[in-house]
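For reference, the structure discussed in these notes is given below.
The values are calculated or read from the model by the stated rules, or taken from the named source; none is laboratory data. The model shown is predicted, which means the values in this text are computed figures rather than measured ones. Positions of Cβ are generated from backbone atoms using ideal geometry, with glycine treated the same way; all protein chains shown enter the neighbour counts. SASA here: full protein model, heavy atoms, side chains in, ligands and nucleic acids out. Shrake-Rupley method; radii C 1.70, N 1.55, O 1.52, S 1.80 Å.
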Amino acid sequence: MRRTATTDDSLESGRTYAHILRVNLFNFFNLTLFAVGAILVIFGRYNDALITVSAGGVGTIINTWQEIRAKRQLEQITLLVRPTAQVVRDGREQTVDAAHLVEGDLIHLHAGDQALVDGVVTGNGVAEMDEALLTGESELVRKGEGDRLFSGSFCVSGDLHYRADAVGAESYAGQLTAAARTFTPTSTPLQQQVAFIIRLLMILTAFMALIFYIGGFIRDLNFLQNVEASAVLIGLIPYGLFLTINLAYVLGAIKLARAGAVVQQTNAVESLHYVDVLCMDKTGTLTTNSLQMDDLAPLGAATLDDARRLLGDFAHSTSDDNATILAIRQELPGVQHCLADEVRFASVRKWSGLAFAEEGEQGIFALGAPEVLLPNLSSEFDGPTLQQQIAEWSDQGLRVLLFARNQETTVLHNGQGAALPLLQPLGLIGLRDELRPYAGDILQQFAELGVQIKIISGDSPQTVAALARQTALHGARGFTGAELERMSPAEFEQAAEEGAIFGRITPEQKARLVTALRHHGHYVAMIGDGVNDILALKKAQLGIAMQSGSSATRNVADMVLLNDSYAALAPALAAGKQVINGITNATLLLLARAFTYAFAIIGVLMVGLPFPFEPAQAGITAITVGLPSFFLTLWARPQAKVEPLLAALVRFVLPVALWSMLIGVALYTFVYFRTSAALTNPFIPPEVIARFEHYTGLTYQVDQHFGLTATRILTQTALSVFLSLNGLALILFLEPPTSWLASWRSVSEDRRPTWLTIALVGLLIVSLYVPFIANYLGFMPPFPPIWRDILVSLALWILGLHLFWRKRWFDRLLMVTAKNEGEGADGQGADGLLPKDSEYTPPPDYGG
C-alpha cells in the first residue's frame, strides 16, 4: 500500500488544542495554587480556596485563548499559501494539493518550484537545484536522470520529472514546513527582563516562606495559619504579568493586520522597537520586481541593430521568465530559436546562457553581470571603454548586464556543471527598477530614529549605491561579495559593521553578515522576498517577508507585508512603541504591588504583629491592579518615552515599595494597638459590638478570641485599603493629568486614566460597604477614625513619592549620576521622563 499525505496535517501549526490546554493548566504556578486551594478546602476555607484557585484558572483561560488564536492565525496563513505540485496522472498533467501527493506520483518540476516530496529524477530533464535550506551551501546542484531530489530544495533553472518515494512527514518538505509554521515564540529583551524579575520575586517569596515557617514553628502557629500565609506569599508572584504581555502583543498584532501586515510571531510587534540595524535585499524588496529596459549600447564589432536583434532572439528563446527577460521582451521583438542547451539564471551564478544549433545562428549567448562575464571576454577587447560605460550607468541607478556570444561552440555544460568559453561582447543593457511605494519615506524614518540601513543585494555595488541615494543612504561605504570572500573573520565582522551597501552577495554571505552584526550586539531585522534571503531571515532577530516572495520565505518570517507595501512599517513602529509603553506601565503596577505587599509583610512581622493579609483579601487586586493594567496597556502612549525595565525597577518600584512599607506598617501598628485598646474598653457602644459580631461571626463576651479577631480584621482592612489606594494613585503618576503629578512621566493629554482612577476608587469604596462582597473578601467597613488615618497616610505617601522623584532623593542615596543632561528630540529630558519646562532635572538615561 502506498503512503499518502491526504490528511490536513500540513495545515496544523504544530500543537494540538489538548496540548495547549495541558501545558497552560498544569504549569508550576497553577499546580502550587491548586495544591494550596485543596488544603484550604479541607479546612473549610471555601472562599479563600476559590480565590486562590481562580487566580490560576483565569490565567489558564487567557493564555490558552491567546495560544489557540495564534494557532488558528498561522493555520489561516498556511492555507492562503498552501503549496501545490504539477503531477502527471492518467496521462495528463494536473495540479494537486501538496497534502494529496502519494508515493509513486510523477511530478513535473519547473523553474521556481519547490520540491515538496523526495524522489528520483526520471527522463531526460535537467535542472539546477538550490539546496541551501538543507545544507546551508549556496552552490547550485545539477540534477539529472537517476539523481535523488530532496524536498525543501528549489528548482532554480531547468525542467524535469521525478518519481515521489517519500511524502508527508517523512519528506524534507514536511519537516521544514512544520518547523517554519510552528508557533515558537522567542524571548525579546523585555520578556527576558520580566522573566528575570519574576525569578527574583520567586526567590524572595521562597525565602520569606522559609523564614515564616521557622517563625511559625517557634511561635507555635497552627497548620492552617501556615497554609493561609503560603497562599498570600504565592500571590506575590505576578504571573498575570505574562497575560498582560500577551494581551499587548495581541492588540499590536490586530493593529498591524489592519495596517497591512500579518504578524506570525506576536512579539515581533515589540521586536521592531529594538531594531538598530535594518538589513534588506534590493530586488523585489527595496524595489519592485518589474524592470524597464532603459538603454542598449553595442560593444566590439556589433552594431546597434545586431545587438538589438540578437538580444531580442535570446529573450524570446529562453525558458526563463524573470523580470529581466520580461523587460527585454517588452522592449525588443525576437524570434524563438531551437535550443541545443540552456543554463537558466541563478542568483549565485549571476548569468544565464543559450546555445543555438540552427544554421546561421549557431553558437552560444550569455547574459549576466559584467564582472562575472568579463573574465571570459577575449583579450583583444578594449576593457576601459566598457568599464567607463558600466560606471556611468551604475551611477545613474541602472542595473547593468553584459551580453556576449561565442559562435564556435554550442556547449554550456562540462562534467562539473555550467561553464562558459571565451566570449565576444555584443552590448551592455541598462535596466531601471524603482523603489517600492513608501520605501524611501520609511527608510528615512528609520534612519532618523538611529537605525542603520544596510542593503545587501546580488546586484553590483554601484547600482545598489545609486538606488540607495534615493533613500536615507548617502556616501555609504560599500563592499562586494568577492571582497568579503577574501577577508579574515575579524575583517569580515568589521566590514559588516562599517559597510552599508553590499553588492554581488551570495545567500550564504547574507546570513554571515547578519550573524556578524548580531555578534557586535546589534538587534537585527532582515527584509527579504526570495529563497536566497531565507538563511538571513532565520539568522535575524526579526524576519520580515514580502507577500509576493516565495512561500518558504513567508514561512520563516516573523512578519509578512501584505501587498508588498512598506506602508505597514510606519504603524508597526508606533505599535511597537505602544506595546513597550503599555507593557512597561502594567509591569510597573504589578511589580510595585508585589514588592509593596512583600515588604509590608516583612515590616509587619518585624514589629511582631500578626500576619497582615489573608488569601481572600488578594481579590481586591483585581480592582487596584488587574483592571488598571489592562486599560493602561490598551491606552498606552506611542510617543511617551520610558526607562528600561530593570532601571525602572530601581527608580520606580523600590521607592514605591519601601515608602509604602514604611507608611503602611506605621498605619497598621497604630490602628492595631488603638483598636485593641478600644475593644478592651467596657463602654463599647452596642452598635459597634453588633457590627463586629456581624463581620467576625463571633459573639462578644462569649468567644475569647472576639477582640483579637475583630482587631485583626479591622487592621487588615485598613492596611489593604491604604495599599489599594496607593496602587490606584500610581496610575496618576504613570499618566499624570497635571504637572504637579508629573514627577515620573511627562503630562498626559489623555484623561481616560484619570477617570479610570476615580471610577475604581469609587468601586473600591462601594465594595467595602456591600456586605456580601466585604464578607467574601474578608474586610469590614472602616470606622470614620480609620478613614481619617488612611487618608492622612495616603496624603503623606503621595507627597513623599512626589519629593522622591522630584528631588531625586533615591538616586542620590544610590549615588546614581546622570549620563545625559541634554534635551531629547521631542522636547523632553535626556531620558524623556519629564517635560522640558519641568523644574526637575531629568533622571539619568540607563540605556536600553
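Of all the residues in segment 707-732, those that are open to solvent by less than 10 Å² (accessible area, probe 1.4 Å), at pLDDT below 90 and more than 14 Å from residue 791 (Cα to Cα) number 5.
All conditions in (1) of a type in the set (Val, Ile, Thr); (2) at pLDDT below 85; (3) within 17 Å of residue 478 (Cα to Cα) hold for residue 531, with the sole exception of (3). In segment 307-329, the residue that is nearest to residue 341 (Cα to Cα) out of those that are open to solvent by 20 Å² or more (accessible area, probe 1.4 Å) and modelled with pLDDT of 90 or more is 316.
Candidates are the residues of segment 257-282 that are farther than 20 Å from residue 187 by Cα and modelled with pLDDT of 75 or more; the one that is surrounded by the fewest Cβ atoms within 10 Å (Cβ to Cβ) is 258.
For segment 330-343, the condition of being in contact with a strand residue (DSSP E or B) (Cβ under 6 Å, 6 or more places away or on another chain), open to solvent by less than 10 Å² (accessible area, probe 1.4 Å) and either of a type in the set (Val, Ile, Thr) or part of a strand (DSSP E or B) (or both) holds for at least one residue.
Among the residues that make up segment 207-224, is at least one of them at pLDDT 70 or above and on the phi > 0 side of the Ramachandran plot? So far as segment 207-224 goes, no, none of its residues is at pLDDT 70 or above and on the phi > 0 side of the Ramachandran plot. Checking each residue in segment 735-762 for being buried (at least 16 other Cβ atoms within 10 Å of the Cβ), of a type in the set (A, V, I, L, M) and assigned to a helix (DSSP H, G or I) picks out 756, 760, 761. On inspection, residue 392 passes the criterion of being surrounded by fewer than 19 Cβ atoms within 10 Å (Cβ to Cβ), of a type outside the set (Gly, Ala, Ser) and free of Cβ contacts under 8 Å to residues at least 40 places away in the same chain. Only a single item in (1) open to solvent by less than 50 Å² (accessible area, probe 1.4 Å); (2) under 22 Å from residue 600 (Cα atoms); (3) among the aliphatic types (A, V, I, L, M); (4) modelled with pLDDT under 90 is not met by residue 813, and it is number (1).
Out of 339, 386, one residue alone is closer than 21 Å to residue 424 by Cα, out of contact with any helix residue (DSSP H, G or I) (no Cβ under 6 Å at 6 or more places or on another chain) and touching a residue at least 40 places away in the same chain (Cβ under 8 Å). It is 386. Within segment 523-536, can you find the residues that are closer than 15 Å to residue 278 by Cα and crowded, with 22+ Cβ neighbours inside 10 Å? Residues satisfying the conditions are 524, 525, 526, 527, 528, 529, 533, 536. Looking across segment 106-117, the residues that are surrounded by fewer than 21 Cβ atoms within 10 Å (Cβ to Cβ) and under 22 Å from residue 534 (Cβ atoms) come down to 110, 111, 112, 113.
Here is a yes/no grid of residues against (1) at pLDDT 60 or above; (2) of a type in the set (S, T, N, Q); (3) open to solvent by less than 10 Å² (accessible area, probe 1.4 Å):
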| position | (1), (2), (3) |
| --- | --- |
| 64 | yes, yes, no |
| 70 | no, no, yes |
| 104 | yes, no, no |
| 119 | yes, no, yes |
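Here 689, 684 are screened, and the one residue that is modelled with pLDDT under 80, part of a helix (DSSP H, G or I) and over 28 Å from residue 621 (Cα atoms) is 689. Per the conditions (1) open to solvent by 30 Å² or more (accessible area, probe 1.4 Å); (2) at negative phi, the sole criterion not satisfied by residue 563 is (2). On the stretch given as segment 283-299, residues that are open to solvent by 60 Å² or more (accessible area, probe 1.4 Å) and either modelled with pLDDT of 90 or more or farther than 30 Å from residue 576 by Cβ (or both) total 4. Scanning segment 502-522 for residues that are in contact with a strand residue (DSSP E or B) (Cβ under 7 Å, 6 or more places away or on another chain) and either part of a helix (DSSP H, G or I) or open to solvent by 10 Å² or more (accessible area, probe 1.4 Å) (or both) gives 504, 510, 513, 514, 517, 518, 522.
Candidates 465, 496: the one that is crowded, with 22+ Cβ neighbours inside 10 Å, in contact with a Ser or Thr (Cβ under 9 Å, 6 or more places away or on another chain) and modelled with pLDDT of 80 or more is 496. (1) under 21 Å from residue 663 (Cα atoms); (2) modelled with pLDDT under 90: which one isn't true of residue 794, the others all being true? So residue 794 meets the others, but not (2).
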